[in-house]
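Have a look at this one.
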Amino acid sequence: MTFLSSVKSQCLGDLDNSGNVNISDMMILVSSFGDTDCLCSADLSADGDVNISDILILAGVYGNECQEQELYGINVELISTIYTIIQNPETGFDSQTTITIQIAITAFGDDMGIAKNTNYSGFSNLVWLVVETGDGFMVSSMTSSADIANNAYQIQEGYTETFTFTSTLIPIEGGYFQVGLIQLMYRLPDGTEVYYPEGLLGEFVSPVIFLDPGDPEIIILGE
């Protein structure tokens, strides 16, 4: 039995989840080569770095076809990231950014409970600033289409529920900001609380946004 949230793929080296290990997987690994302190799928040796050891491992399984496995846990997919900026009508200067990250979570193997709190401690999820060159403060909340029981959103086995994280960011000093989902927790039927691997949360982020309280505007880096 494989914990779905503990591995991105059904077999070692299948980094793109295509069902086999091929040149596409090698390209993904090479693009991450040299990364350190890495919690990512390309770190096949699980030593924290993407290095020659990972290339040798991938070479050893190159061409393999993946076998069906019994999956147990959750799968998380990004639906959308929406962001808007509102100028404060009272001052004409202070700006406010609202960023919404919407994801779909599917339960496998059994019913799963998703944390419904958004704070720093205990059984909770956390949206926070992953890039911050200015200064400001943020308030986040989450909602879901799922029912609530035992202080958690419940997802029935084989079903998918939508979760929406909404963050309001008010800058005090201009700079670059990026908001991301940095912690996601779920509960197994026996009560065990599990962290969804941090290395698989990298896509659940907003663009990098430049905010200037005196001149509100969006600048998306790279465009």
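The values are calculated or read from the model by the stated rules, or taken from the named source; none is laboratory data. Owing to the predicted nature of the structure, the values given are computational and were not obtained by experimental measurement. Every residue, glycine as well, gets a Cβ built from its backbone with ideal geometry; the counts of neighbours run over all protein chains shown.
Going through segment 111-124 one residue at a time, which ones are in contact (Cβ under 8 Å) with a residue 24 or more places away in the chain and either at positive phi or assigned to a strand (DSSP E or B) (or both)?
Result: M112, G113, I114, A115, T118.
Follow-up question, since we're still on this one. Are any residues in segment 149-203 aliphatic (A, V, I, L, M), touching a strand residue (DSSP E or B) at 6+ places or on another chain (Cβ under 7 Å) and either over 30 Å from T133 (Cα atoms) or assigned to a strand (DSSP E or B) (or both), and if so, which ones?
Scanning segment 149-203 gives A152, I155, L169, I170, I172, V179, L181, I182, M185, L188, V194.
Please pick out the residue among G48, G92 that is at pLDDT below 90, outside any helix (DSSP H, G or I), under 23 Å from the mean Cα position of the chain (by Cα) and over 30 Å from N150 (Cα atoms).
G48
Could you tell me whether any residue of segment 163-175 is closer than 18 Å to F108 by Cβ, in contact with a Ser or Thr (Cβ under 9 Å, 6 or more places away or on another chain), modelled with pLDDT under 85 and not assigned by TED's automatic domain parsing to the domain that holds A46?
no
Taking V76 as meeting all but one of (1) in contact with a helix residue (DSSP H, G or I) (Cβ under 9 Å, 6 or more places away or on another chain); (2) at pLDDT below 90; (3) part of a strand (DSSP E or B), write down the number of the exception.
(2)
Next up: Tell me which residues, restricted to segment 95-112, are at pLDDT 90 or above and among the small types (G, A, S).
Passing the criteria: A104, A107.
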